[in-house]
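Everything on this sheet refers to the single structure shown next.
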Amino acid sequence: MPRSDTSTAGEQHYFGAALLNPDLPLPEGIVGPHGKKAQKRFAVYRNNVTVSLVNALADIFPAVQRLVCEGFFRDMARFYVAKEPPVSAVIFEYGGGFATFLEDFEPLSRYPYLADVARMEKAWLAAFHAADAPPLPPDTLAAIPAEQLADTRFTPHPATRIIRSRFAAVSIFSASREQRPLDGIRPAIAEDGLITRPFDAVEVRQLPPGAASFLSALIAGKTFGEAAGLTMTGYPDFDLPAAISAMLEAGAFSDCFAGQPTTEQTP
Amino acid sequence: MTQSAPTSPIVAASRFPDGPLPPRAGAGLKTEHIDAILADDYRIGFLEVHAENYMGDGGPPHRGLEAIRAEFPLSVHGVGLSIGSESGINPDHLERLARVVERYEPAMVSEHLAWSSHDAGYFNDLLPVPYNDQTLNRVVAHIGQIQDRLKRPILLENPSTYVAFEQTTMSETDFIREIAQKSGCGLLLDVNNVFVSATNHGWKPLHYLRDFPLELVEEIHLAGHAEDTDDEGDPLLIDAHDRPVSDAVWKLYEIVISQAGALPTLVEWDNDVPEWPVLRREARLADAILARLGPTSLLGSRHAAE
C-alpha cells in the first residue's frame, strides 16, 4: 500500500547519499522482490555510480593517472567522487575541483606539480569542446597601420586557455600524455602553458617568460600597448616579437580591432 | 517574397536528409567507428548518440557527428535529463538538449524512465523510481515540460532495475502505459531491459510483453548484459552494454517483431567497445529478423498505413 505523501518527500536524497557512502544503511523502502534482501542489489547502483565516475576521471585526467599509476589513481578517485560528485550531466565537464583535491591529498604531498598537470588536462578538454572559430589570420594584424597597433584589442579564440605553474607542469603534462619518461625534467622550474585549438586539434605550447602575462592582459581586454607595457615592467627581457608570432601560430585570438574605443569589458 | 509558386518546404528547411528512422537496425555511435561506418558498403539503417556527448559548443565531436548526420538518419538519446527526479528538470540541461536537437534535426529523441540528478549532484547512472501516483504525476509533468521545449514528442524507455520499492503500487507496464497516455509520449522498448528486469524481479518476460503497450513503441533497443548473483545466490543480471546480445534476448526480440512489426532497432554497446565489424554483425542479425518477421507480424501493416 502507498505510504503517506510526506514519507516519500526527499526519498532520492537518502538514495543518493547511500550511493556515495557504502557505510550508510539501505534507503527506506528499498527491497528485493518477494521478500528478498536488497543489499547486493543496491550495491549494483553503488558500483555503477562509483566505477563510471572513476572511469570518467581517468578519461579526463590520463596524464595524472599515468604519473601516479592506475591503481593509485582509481583508489584516490573514489575519494574524490564521494567528496565532489558531478553537478552536471555533461560528464566531460566533471572534475573542476580535482586539481585542488590533489593539492590537499596528503599521500601526494611530495608531488606538488600534479595539481597543475590536472589543470592542464581540464584546460585541454575545455579547448577540445570549445566553440569553433577561425584563428586570427596573420594578414589581419599585419594590415593594421603601425600607429594604430598600440590601441589594438584582440578577441580571444573560444578555445584559448593559459596555465601558469610554479612547476614544470607543461613539460610533465606533455611527457605523460606522449608516454615519455620524465627524464631531464626539473619539476621545480616554473612554466607557463598556452592551450589552443586553431582548427580541430588541441595544441599545447610552453610560453617564453612574460608571454603569459602579455597574452593574459590581451585576453582580459587590454590594448596591445597596455599589455606590452605591463609585461615589460615585470619582464625587462620580454621578447615581444616572439610572443606575437607564438600567439598567431597558436591561434590564440580570433580577431583584432584597431583604434576602436571599447566600453565593454571583455571577459 | 510574399507570394511564390508552391515548392516543397522540406527542401528549404533542413540542413540534413529528412525522414523518420527506417524500420531497420541501427547502432550506437562511437567516435572510433565513424570512419569505418562512412566507408562501409553495408549501410547501417541509422545511428544513435547520447545527447550529453554533444553538448559542448564545438570541436571534433561535432565534426564527426555532422559527417554521420549528412548521410544517415539520427536518433538522439538523452541520458541525463533525470525525468524521474524529485528536484525537477534542470532547465539548463533541457536547453542544452534543445540545442543538440536543433543542431542535428534527429528523427527521434528519447530518454529514460529513471532519475540521475538530485541536490547532491549527478550520479551518472539510471536510478529507479517507485511506481505510484506521486511518481506518475511527476514524470508526466516533466515529459510535458520537455516536449513543450523541444516542440515534439519524445520516446520514453523502460528501465533495467535491480531493486524494488515498498512504495510501489502499480506494475511497471501499467505505469508506463499511463505515462504515455497522459503525456502523449511514445515508447522505446528496450528488450534487454525487459529480460534483465524480469529476471531480477521474478517476472515472466512474456507476461511483461503481453502487458506492454506495443502499439505505442516506435523504437527498440538491444544490448548485452552481465550475470551476477543476488543476496540469496540467485541470478542478478546487470545491464552492462559490454558484450553481444544474449540468445534469450534475441528470442524475445523475435517475439516483439512478430507481434509489433518491423521497428527501428538499435544495438547498443557502450563498454569494452569492439571494432565496428563486431557491432555490424549484431546489426545484421537484427536486420535479418526484421526482414524475416516484420512483414508477417500481427501489427505489421500499421507502419505502411501511416
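The values are calculated or read from the model by the stated rules, or taken from the named source; none is laboratory data. Quick caveat, the model's predicted, so the values are computed rather than measured. Quick reminder, even Gly has a Cβ in these numbers, built from the backbone with ideal geometry, and neighbours come from all protein chains shown.
The numbered conditions (1) at pLDDT 95 or above; (2) touching a Ser or Thr at 6+ places or on another chain (Cβ under 8 Å) are all true for residue B:296 except (1).
Here is a check on your reading of the model: is residue B:57 free of Cβ contacts under 8 Å to residues at least 24 places away in the same chain and either part of a loop (DSSP other than H, G, I, E, B) or more than 30 Å from residue B:137 (Cβ to Cβ) (or both)? Spell out the reasoning first.
On the way: free of Cβ contacts under 8 Å to residues at least 24 places away in the same chain: yes; either part of a loop (DSSP other than H, G, I, E, B) or more than 30 Å from residue B:137 (Cβ to Cβ) (or both): yes.
Criteria met by residue B:57.
Against the conditions (1) on the phi > 0 side of the Ramachandran plot; (2) crowded, with 21+ Cβ neighbours inside 10 Å, residue A:121 satisfies every one except (1).
Residues in region A:81-98 that are in a helix (DSSP H, G or I) and surrounded by fewer than 21 Cβ atoms within 10 Å (Cβ to Cβ): A:82, A:83, A:92, A:93.
Scanning region B:153-194 for residues that are over 17 Å from residue B:143 (Cα atoms) and part of a loop (DSSP other than H, G, I, E, B) returns B:160, B:161, B:162, B:163, B:166, B:167, B:168, B:169, B:170, B:171. For residue B:140, are the conditions met, namely being hydrophobic (A, V, I, L, M, F, W, C), within 13 Å of chain A (Cβ to nearest Cβ) and within 22 Å of residue B:80 (Cβ to Cβ)? Judged against the criteria, residue B:140 is not a match. Within region A:27-55, the set of residues being within 7 Å of chain B (Cβ to nearest Cβ) and within 30 Å of residue A:171 (Cα to Cα) comprises A:52, A:53. Restricted to region B:35-67, and to residues there that are more than 14 Å from chain A (Cβ to nearest Cβ) and buried (at least 21 other Cβ atoms within 10 Å of the Cβ), the residue that is nearest to residue B:146 (Cα to Cα) is B:48. If I go through region B:85-123 residue by residue, how many of them are outside any loop (DSSP other than H, G, I, E, B), small (Gly, Ala, Ser) and at the interface with another protein chain (Cβ under 7 Å from one of its Cβ atoms)? Residues that pass the stated criteria total 3. Just one of the numbered conditions (1) surrounded by 15 or more Cβ atoms within 10 Å (Cβ to Cβ); (2) away from chain B (no Cβ under 14 Å); (3) of a type outside the set (Gly, Ala, Ser); (4) part of a loop (DSSP other than H, G, I, E, B) is not true of residue A:149: (4).
When A:139, A:116, A:132 are checked against the criterion of being within 14 Å of chain B (Cβ to nearest Cβ) and not aliphatic (A, V, I, L, M), A:132 stands alone in meeting it. When residues in region B:267-300 are screened for being more than 23 Å from residue B:239 (Cα to Cα) and in a loop (DSSP other than H, G, I, E, B), 7 of them pass.
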